[in-house]
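Inspection log for the structure reproduced underneath, given as structure tokens.
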Amino acid sequence: MGSRKCGGCLSCLLIPLALWSIVVNILLYFPNGQTSYATSNKLTNYVWYFEGICFSGVMMLIVAAVLLVLENGNNYKCCQSKNCSKKYMTLLSIVFSALGIAFSGYCLVISALGLIQGPYCHTLNGWEYAFEGTAGRFLTDSNMWNQCLEPAHVVEWNIILFSVLISLSGLQVIICLIRVIIQLSKILCGSYSVIIQPGII
């Protein structure tokens, strides 16, 4: 019962994290609150991977909904034995938690790449990735940020939003990983036997 409540709480936490991921990813399309850069495709290429909207957002909402259903104590029986039903519910929970790790991990990686690459901005040489060759050194050297003339404050915009996406997706990975550990502990440590049932030889 305790592990079920814990799992249900963890699944509930995925929902606000997913909603915030969607909001933060949408904000990346409007640097400095302006829409003209999105319509003219003058954004960093990593925002078009929809890491926060689709993977860490919508897909994680689906994962969270399925996990909450599986945690419900009134699940439909998938086979004749109650113990058998528990096995399949646990295995399904592991599968969807693993999918959650994959979805949020994708967002984490893409957001990190977008953060390191830096924004697509207008410099004295025209529109380009001004910090692409710096291997992320610009992140700790604010004196380099004035190379981006347009959009205004785009460097800060990208750093803050990509960092938030990394944090949100990182929390999702941790939550899903904890869920996998909880479900594996049920299988391996004895909430119920999965491989051998007593009385069957």
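The values are calculated or read from the model by the stated rules, or taken from the named source; none is laboratory data. Fair warning: this is a prediction, and the values are worked out from it, not measured in the lab. Neighbour counts run over all protein chains shown; Cβ positions are idealised from the backbone, glycine included. SASA here: full protein model, heavy atoms, side chains in, ligands and nucleic acids out. Shrake-Rupley method; radii C 1.70, N 1.55, O 1.52, S 1.80 Å.
If you go through the stretch 142-187 and keep only what is more than 23 Å from residue 63 (Cβ to Cβ) and open to solvent by 50 Å² or more (accessible area, probe 1.4 Å), you end up with 142, 143, 145, 146, 147, 149, 150, 153, 156, 157, 160. Only residues that are hydrophobic (A, V, I, L, M, F, W, C) and touching a Phe, Trp or Tyr at 6+ places or on another chain (Cβ under 6 Å) were counted in the stretch 114-123, giving 1. Among the residues of the stretch 32-53, those identified as in a helix (DSSP H, G or I), open to solvent by 70 Å² or more (accessible area, probe 1.4 Å) and among the hydroxyl-bearing types (Ser, Thr, Tyr) are 39, 49. Residue 29 meets the conditions (1) modelled with pLDDT of 95 or more; (2) assigned to a helix (DSSP H, G or I); (3) in contact with a helix residue (DSSP H, G or I) (Cβ under 9 Å, 6 or more places away or on another chain) in every case but one. The failed one is (2).
Selection of the stretch 126-136 for residues being within 25 Å of the chain's Cα centre (by Cα) and either within 22 Å of residue 36 (Cα to Cα) or open to solvent by 60 Å² or more (accessible area, probe 1.4 Å) (or both) yields 132, 135.
Just one of (1) under 23 Å from the mean Cα position of the chain (by Cα); (2) under 16 Å from residue 158 (Cβ atoms); (3) modelled with pLDDT under 95 fails for residue 42. It is (1). Residues in the stretch 95-125 that are open to solvent by 20 Å² or more (accessible area, probe 1.4 Å) and assigned to a strand (DSSP E or B) were compared, and the one that is farthest from residue 31 (Cα to Cα) is 122. Would you pick out the residues in the stretch 137-158 that are more than 26 Å from the chain's Cα centre (by Cα), among the hydrophobic types (A, V, I, L, M, F, W, C) and outside any loop (DSSP other than H, G, I, E, B)? Within the stretch 137-158, 144, 145 meet the criteria. Answer yes if at least one residue in the stretch 47-68 is β-branched (Val, Ile, Thr), modelled with pLDDT of 85 or more and within 30 Å of residue 149 (Cβ to Cβ), and no otherwise. Checked the stretch 47-68: at least one residue is β-branched (Val, Ile, Thr), modelled with pLDDT of 85 or more and within 30 Å of residue 149 (Cβ to Cβ).
Reported count of residues in the stretch 11-28, each being open to solvent by 20 Å² or more (accessible area, probe 1.4 Å) and either in contact (Cβ under 8 Å) with a residue 40 or more places away in the chain or over 14 Å from the mean Cα position of the chain (by Cα) (or both), is 8.
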